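A short write-up of the structure that comes next.
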Amino acid sequence: MSIWEYANPKKFIATTTPLVPWVMGISISCLVVGLVWGFFFTPDDFRQGSTVKIIYLHVPAALMAINAWFMMLIASLIWLVRRHHVSALAARAAAPIGMVMTVIALITGAIWGQPMWGTWWAWDPRLTSFLILFLFYLGYMALWEAIEDSDTAADLTSVLCLVGSVFAVLSRYAVQFWNQGLHQGTSVPVATGERSVSDVFFVPLLVCMIGFGLLFLALVLMRTATEVRARRIKALEARMR
Amino acid sequence: MFPDLGEYGTEVLTAYGVSIGLLVAIIALSMRRSRKMRAQLDAVEARKDAARGE
């Protein structure tokens, strides 16, 4: 059995449809547990006060905003190389979710920044690359809507996704590339495993990150199936004309 | 039960309100479009079958 079998739209829908309610249920449970735990049962930080509670939304949303683009990049490359329609539609399905995650990260960051940095916004490398990533999400979605032929749209959006990946990488590593920004370094470095966050805050944060990740997965599967159905409707209607 | 958020109560509650609102919106919109497309596809396939039967 090969993974490419799931590139068949019927097989994809038959496999993912029963999975979606489970993944969605687990993700919402993780989010409720993580957010309630973080909001009600964690102490204030000695410097940040209660604004530390914003971490449970800001960090997982920012993580998913970047990872959603990387998922779109992989799906776009699969489309460009192997011409599987499901992969192009999966990239299209992921874009609005990634865009929402980027908006959450930007808004919660601004709300946290005002009392902590004394400003809602600074042209800091990470903040600026994140804003550009948000604009890339908007451009990507607009390009899909603007082109009638779905194969041409998939080709052009895939190229846009490749270009935007530069900003996804910059968003992730901007803090390491440039030191002049306001934004602090990553709190949970995956590569080294050394983290600057105490377990009291880290455990509910981890539950929230799992929740956001599973929510993204559930929504991508659901929205990809929707896009596959929309494409089938278009094809059937064209055939019946 | 409700935690004392001190001087940053407005900021924390706004961040939670906006974020949860956006998450609920994307879930609701995705589910609505999924239901709509399923119904639409069923209708188109029924029309196709009917046309084939004629």
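Number of residues in segment A:3-51 that are farther than 30 Å from B:Leu13 by Cβ and touching a residue at least 12 places away in the same chain (Cβ under 8 Å) equals 11. Here the condition is being assigned to a helix (DSSP H, G or I) and closer than 28 Å to A:Met101 by Cβ; of B:Arg52, B:Arg38, it holds for B:Arg38 alone. Considering only residues in segment A:74-110 that are more than 16 Å from B:Ile20 (Cβ to Cβ) and under 12 Å from the mean Cα position of the chain (by Cα), the one that is farthest from the other protein chains (Cβ to nearest Cβ) turns out to be A:Ala91. A:Thr128 meets the conditions (1) within 14 Å of chain B (Cβ to nearest Cβ); (2) assigned to a helix (DSSP H, G or I); (3) at pLDDT below 95 in every case but one. The failed one is (1). Please work out which residue is nearest to the other protein chains (Cβ to nearest Cβ), limiting yourself to segment B:1-35 and to residues that are surrounded by 11 or more Cβ atoms within 10 Å (Cβ to Cβ) and not in a helix (DSSP H, G or I). Of everything passing the filter in segment B:1-35, B:Leu5 is nearest to the other protein chains (Cβ to nearest Cβ). May I ask you to list the residues in segment A:27-66 that are more than 10 Å from chain B (Cβ to nearest Cβ) and outside any helix (DSSP H, G or I)? A:Asp45, A:Phe46, A:Arg47, listed by residue number. In summary, A:Thr119 fulfils each of the numbered conditions (1) modelled with pLDDT of 95 or more; (2) surrounded by fewer than 20 Cβ atoms within 10 Å (Cβ to Cβ) with the single exception of condition (1).
The values are calculated or read from the model by the stated rules, or taken from the named source; none is laboratory data. Bear in mind the structure is a predicted one, so any value in this text is a computation, not a measurement. Cβ: placed from backbone, ideal geometry, glycine included. Neighbour counts: every protein chain shown.
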